[in-house]
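> Just dropping this structure here.
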Amino acid sequence: MSGNINITYTVGTGVCANSSTLTINVNDVNAAFNATPNSGLAPLPVDFSNISTGASSYIWNYGNGITSNAFDSILTYQNYGIYTVTLIATNANGCSDTATTVIMADAISSLIIPNVFTPNNDLSNNEFLVNAVAITTFHCE
């Protein structure tokens, strides 16, 4: 809740009662945003919609080394990975709030296994090498 809040207190009862009202100015900031989509194949364009309230300035950290002071933004994650996005919303009085979310940019998995292996020191196919993209576990016998 932002704005002025009035608090009235009363001391005593009946004709001896005395009341006073105190006004408190609340400078509340709530950082919030939507990220659409929050997962998919890289390159992954993500639309960041700022839905913060009570703020006048914003600092985005997209988790990939890129930052911005824009209100809303669209960013494309070129490489696959898991990215933590942070928005810091601040008002004119210096009050701030932080919101975060995770973006998962996936890659198409591939596994290239050679069908020829000739370890004869001719500098061609001397080693059995398996090439993998976006695969975390692999077992070969």
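> Only one residue in N27, N34 is at pLDDT 95 or above and surrounded by 11 or more Cβ atoms within 10 Å (Cβ to Cβ), so which one is that? Don't jump to the end; show me each part of the working.
Numbers: N27 fails: at pLDDT 95 or above.
Answer to the selection: N34.
> Also, quick follow-up: Check segment 80-100 and report whether any residue there is closer than 30 Å to A132 by Cα, open to solvent by 70 Å² or more (accessible area, probe 1.4 Å) and either part of a strand (DSSP E or B) or modelled with pLDDT of 95 or more (or both).
yes
> Run N91 past the list (1) more than 24 Å from the chain's Cα centre (by Cα); (2) closer than 28 Å to V46 by Cα and report the number of the one that doesn't hold.
Here N91 clears every test but (1).
> Could you grab me the full set of residues in segment 37-77 that are open to solvent by 50 Å² or more (accessible area, probe 1.4 Å), farther than 17 Å from N91 by Cα and part of a loop (DSSP other than H, G, I, E, B)?
P37, N38, P43, N64, G65, I66
> For residues that are hydrophobic (A, V, I, L, M, F, W, C) and in a loop (DSSP other than H, G, I, E, B), scanning just segment 118-137, find the one that is most open to solvent (accessible area, probe 1.4 Å). It would help to see each step written out before you state the result.
In the first step, residues of segment 118-137 are kept if they are hydrophobic (A, V, I, L, M, F, W, C); the result is 123, 128-130, 132-135.
Next, only the ones that are in a loop (DSSP other than H, G, I, E, B) stay: 123, 128-130, 134-135.
On the way: L123: 163, F128: 91, L129: 104, V130: 46, A134: 36, I135: 61 Å².
Across segment 118-137, the extreme among qualifying residues is L123.
> Further question on the same structure: What are the residues in segment 101-117 that are open to solvent by less than 80 Å² (accessible area, probe 1.4 Å) and either farther than 24 Å from P37 by Cβ or not in a strand (DSSP E or B) (or both), if any?
Within segment 101-117, A107, S109, L111, P114, V116 qualify.
> Output the residue which, of all residues in segment 118-127 that are modelled with pLDDT of 80 or more and not aliphatic (A, V, I, L, M), is nearest to Y80 (Cα to Cα).
E127
The values are calculated or read from the model by the stated rules, or taken from the named source; none is laboratory data. Given the structure is predicted, the values throughout are model-derived calculations rather than measurements. With ideal geometry, Cβ positions are generated from the backbone for all residues, glycine too; neighbour counts draw on all protein chains shown. Remember, those area values only see protein heavy atoms, side chains included, never the ligands or the DNA or RNA. Shrake-Rupley method; radii C 1.70, N 1.55, O 1.52, S 1.80 Å.
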